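Since the structure comes first, as structure tokens, the remarks are kept for the end.
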Amino acid sequence: MATERRSFSYRLLCAIFFTPIFVVGIIFLILWLSLRPHHPKFHVKEFTLQGLGQTNGYLNVNVTVRNPSHRVRIYYDSMRGSVYYKDQRVGVVSVFESHYQEPKNTTILHYVYNEPLALTTQASNNQRTIEIMNDRTQGMVVYSLQFKSVIKYKGSMWDKRSHRMRATCNVGVGPNGVILAKYKDRQCHVHMSLFELYT
Ligand SMILES: *[C@@H]1O[C@H](CO)[C@@H](O)[C@H](O)[C@H]1NC(C)=O
Ligand SMILES: *[C@@H]1O[C@H](CO)[C@@H](O)[C@H](O)[C@H]1NC(C)=O
């Protein structure tokens, strides 16, 4: 009997001590979940190569960038958008020169590359040109769009560091140069790493 009563009051004591800690913990968890920063999300909406296989073409790109965080602004250092065919860069533009993005904002990046077709018009002994033309004959050429920047989360209590960001979007185009349906609207892969000034 005595031991039972002792264990009961012990349990009561435990409850009195731990319930507030538990409640505070839950509150912090909810705060953390709503205030923690999320990396930006990229989706390719449009990717059209005008004049694939001709001498004077251009590439039309429309990509959306979303800041999914509830309360955290994202600061982008200069951001560049490059297009690659395999390991070869075939075009690059400057997308942002230091830019703040509000929470829950979606920004449309719509721009044109003039260079990508240079690759297909170079001397035909260029290995990559031959490969592009072969891919095209087979129905699909896969390019990779890459966005690189250094970003910071503004208003985040937890994360005040700079991060190197790289978003990679693989885009397959048909022989007409237009993005294929299964590549459209796909979420791009975003890789984040800590930005070290002195490495
Ligand atoms: C880019 O894509 C977005 C989303 O689909 C669309 O709302 C917008 O009108 C497009 N912009 C241009 C210039 O095509
Ligand atoms: C997102 O931010 C951009 C640039 O700051 C602005 O032009 C655009 O209107 C904003 N979009 C929405 C949906 O508020």
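Just to be sure before I move on: is His163 modelled with pLDDT of 90 or more, farther than 17 Å from Glu46 by Cβ and loosely packed, with under 14 Cβ neighbours inside 10 Å in the structure I sent? When the stated conditions are applied, His163 does not pass them. Of all residues in the stretch 143-199, those satisfying the criterion of being touching a helix residue (DSSP H, G or I) at 6+ places or on another chain (Cβ under 7 Å) and among the aliphatic types (A, V, I, L, M) are Met157, Val171. Inspect the stretch 99-114 for any residue being in a strand (DSSP E or B) and without any contact (Cβ under 8 Å) to a residue 24 or more places away in the chain and give the result as yes or no. No, that holds for no residue. Of the residues in the stretch 42-100, how many are touching a Ser or Thr at 6+ places or on another chain (Cβ under 7 Å) and of a type in the set (S, T, N, Q)? Looking only at that region, the number is 6.
The values are calculated or read from the model by the stated rules, or taken from the named source; none is laboratory data. These numbers come from a predicted model, not from an experiment. Reconstructed Cβ throughout: ideal geometry from the backbone, glycine too, with neighbour counts over all protein chains shown.
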